[in-house]
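Below is one structure, written out as structure tokens; the observations come after it.
What follows is calculated from the coordinates using simple rules that are stated; it is not laboratory data. All values derive from a computational prediction rather than experimental measurement. With ideal geometry, Cβ positions are generated from the backbone for all residues, glycine too; neighbour counts draw on all protein chains shown.
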Amino acid sequence: MTEKKRLFSLRAVLGLVVLLALGACNRGQEGQQGAEQQPRPLPVKELHRSTVVVQKEYAATLEGVVTVEVRPQVGGTLKEIAVDEGQSVEAGQLLFTIDQRPYREALNAAVAARQSAEAALWLADIDVKKYKPLVENKVVSEIKLLEAEAARRSARAQLAQARAAEEQARIDLGYTRIEAPVSGYIAEIPFRLGSLVKAGQDGALTTLTDVSRVHAYFSLSEVDFTHFKQQFEGETLEEKLVSVPPVTLELADGSLYGENGKLDAVSGQFDRSTASVRFRATFPNEHGLLRSGNTGTVRIAWTYSDMITVPQSATMDLQDRVFVFRVNDDNTVARTPVTVAGVSGSEYLVSEGLANGDRIVLSGFSRLLDGTPIQPVDPDAKESGAEEAEQQANQAEGA
């Protein structure tokens, strides 16, 4: 009996321990569930429409206001290259000289031919003067006078032809001196002294670019072009271009160019392959910092009225779409897709998906699901515990 009593007592004690353990586990689970069901305090912002100025950026290529291919207009051997690649030259400055000897001889021959034609005309004029009195006195036939006058007209024509040939020879000789048509910078010179060149050849001797002013070419999408026509005053595109404020240029190294530019031209049609239209802005370039072929980014200030903005940090990207967590009237959240029309600093401009007066969660939303209740906290009110809510949200995300 004693042994049975001991076994019974031991079983009773073990059963009591198990019951106590189960009760403690149940209470822990209930407490955990209660903690999980308690709404998390999260910073919430109410959205309002406003007017926003946005600096939009457009990739641009730069070209000098004048770019001229320097080509020979007569053939011959290069006898002189008077400039170097990259050199700045003035309009009228000598660039190249082609062997002048054949053209000097051609000019001398043309001068001699002209002088001979002048002498022939002088003799023809003498014949006309000689035959006039003889015909009047009926010493010779009138036919002689008519022949003399015809010969004089022929001599005049030959003289005119000789003079034209002389002028052409003089022009050809002048073409052996190739001078800069505009002021600018010399590009690559693919020819060397002694190279044989000719008029109409495929390759240019060099390219000369006037970069005292520089054109920046860039493209606007159809949406931006429509906004351009709506935003700026004027009946025509030319009038609207005048009303556009100065634009800025970001250089390839990220620095900002020191001079503002002005929009002054727009293409007459859209590029079907890119669905964009080409614009041109002109920038002064007094110190020659910009060169043809440079790249940069043109910045234009666009004004958007009646626009909702949300911090980029309050959004999440999923499958090429942007979402926010909108707070419902019962303080539950709903993941909401939005359409981004542009970027202003650290904020997105939202054109669709949100309305005036909507509320969104600013942070701590990475583990939120649709329908999750939260405790909205004003992020601008320190006494409301916004900072504590932010810390709790960050800790919850890191857990």
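What list do you get for ASP127, ASP172 if you sort them by fewest beta carbons within 10 Å?
Fewest to most other Cβ atoms nearby, the residues stand as ASP127, ASP172.
Loop-located GluC sites (Glu not before Pro) across the range 122-198 with a Cβ neighbour count of 12 or fewer within 10 Å are GLU188, with loop assigned by DSSP.
Straightening the chain between SER255 and VAL343 buys 29.7 nm, computed as 0.36 nm per residue apart minus the Cα-Cα spacing. Both numbers refer to the Cα atoms of the range 240-328; Rg and Dmax are 18.3, 59 Å. Global dimensions of the range 101-175 from alpha-carbon coordinates: Rg and Dmax equal 16.9, 56 Å. This ranking places ARG40, ARG104 by how few other beta-carbon atoms lie within 10 Å of each, fewest first, which gives ARG104, ARG40. One compactness figure for the chain is 2.09, namely its Cα radius of gyration divided by 2.2 N^0.38 Å. Against the chain, whose longest principal axis comes from its Cα atoms, helix 2-37 is set at around 40 degrees. Dividing the summed -39500 (n - 2.57) terms of all DSSP H runs of n ≥ 4 by the residue count of the chain sets its mean residue ellipticity at 222 nm at -12000 deg cm²/dmol.
Pair-distance distribution of the range 79-137: all C-alpha pairs, bin width 5 Å, starting at 0; shares per bin in whole percent are 4, 13, 11, 10, 9, 8, 8, 7, 6, 6, 5, 4, 4, 2, 1, 0.
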